[in-house]
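Trainee: Structure provided below as structure tokens; questions to follow.
What follows draws every value from the coordinates through simple rules; no lab data is involved. None of these values were measured; they are calculated from a predicted model. Using ideal geometry, Cβ is built from the backbone for each residue, glycine included, and neighbour counts are taken over all protein chains shown.
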């Protein structure tokens, strides 16, 4: 595992007032930078903002947007809500797992993709739906999975 670049954390901290009101914004910026919240960064945040580590940890585990484990640059969310499930959501997640070589809730070794399932993305008329970062893919089939991944890899 690579060493955490604390200079990035320190730069983020300098951009905000050094008190508890900055906590969530600082955590968001750290998460955006590292694609997760490293423990060493959380300790530094607690120290610099003078917030108990237990509170920092509590905030990070309360919000689903935060992860304590490394996430990929691209988060693939496969909807398994009722409409998506009925139209093949389970087969779509299995196809992503097969093509990426990971299971749901895992990240590829190269840190490129994280595969997740969600209960509903609120786009039932487009079911089944896959969301890659903020881009929605509608009427997805197992055959379209390869094209979605190819398109995401070509964006790099």
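Trainee: Give, in nm to one decimal, the length gained when the segment between residue 98 and residue 20 is fully stretched (0.36 nm per residue of separation minus the Cα-Cα distance).
Mentor: Separation in residues times 0.36 nm, less the Cα-Cα distance, equals 23.7 nm.
Trainee: Also: Which option, (1) 35; (2) 17; (3) 20, is the value of percent of Cα pairs over 27 Å apart that was calculated from these coordinates?
Mentor: Answer label, from the structure shown: (1).
Trainee: How big is the stretch 43-101 on each of its three principal axes, counting only the C-alpha atoms and giving the largest first in Å?
Mentor: Each principal axis gives a Cα extent; for the stretch 43-101 these are 50, 25, 13 Å.
Trainee: On the Cα set of the stretch 6-62, report Rg and Dmax in Å, please.
Mentor: Just the Cα atoms of the stretch 6-62 yield Rg and Dmax of 9.7, 26 Å.
Trainee: Can you put 98, 77 in order of Cβ neighbours within 10 angstrom, beginning with the fewest?
Mentor: Details: 98 11, 77 18.
Result, fewest neighbours first: 98, 77.
Trainee: Rounded to the nearest 0.05, what FRET efficiency do residue 64 and residue 125 have when you use their Cβ-Cβ distance and R0 = 35 Å?
Mentor: Once rounded, the FRET efficiency stands at 0.90.
Trainee: Gain in length, residue 106 to residue 28, computed as 0.36 nm per residue apart minus the alpha-carbon separation, to one decimal in nm?
Mentor: Result for the pair: 26.0 nm of gain on full extension.
Trainee: Which angle from 0 to 90°, rounded to the nearest 10, does the C-alpha axis of helix 23-34 make with the longest principal axis of the chain?
Mentor: 60 degrees
Trainee: Kirkwood Rh and Cα-based Rg: tell me the resulting Rg over Rh for the stretch 96-156, rounded to two decimals. Kindly include the intermediate steps, with their values, before the conclusion.
Mentor: Values: Rg = 11.6 Å, Rh = 12.3 Å.
On the Cα set of the stretch 96-156, Rg over Rh gives 0.94.
Trainee: Counting only DSSP beta bridges with both residues in the chain, tell me the antiparallel percent, nearest 5.
Mentor: Close to 55 percent.
Trainee: What number, in percent, do you get for the relative contact order of the stretch 6-62 if the mean sequence gap of Cα pairs under 8 Å and at least 6 apart is divided by its residue count?
Mentor: Worked out over the stretch 6-62, it gives 36 percent.
Trainee: Helix 142-154 sits at what angle to the longest principal axis of the chain, using alpha carbons and giving 0 to 90 degrees rounded to 10?
Mentor: That works out to roughly 40 degrees.
Trainee: Relative contact order of the chain, please, whole-number percent, based on alpha carbon pairs below 8 angstrom and at least 6 residues apart.
Mentor: On the way: 221 pairs, mean separation 28.9, N = 156.
Relative contact order, the chain: 19 percent.
Trainee: So how tilted is helix 89-100 from the main axis of the chain? Cα-based, degrees 0 to 90, rounded to 10.
Mentor: 70 degrees
Trainee: OK, next. For each of 103, 49, count neighbouring Cβ atoms within 10 Å of the residue's Cβ, then give the residues from fewest to most.
Mentor: Result, fewest neighbours first: 103, 49.
Trainee: So what is the calculated 222 nm ellipticity per residue for the chain, using -39500 (n - 2.57) for each DSSP H run with n of 4 or more, over all residues, to the nearest 500 deg cm²/dmol?
Mentor: It comes out at -13500 deg cm²/dmol, rounded to the nearest 500.
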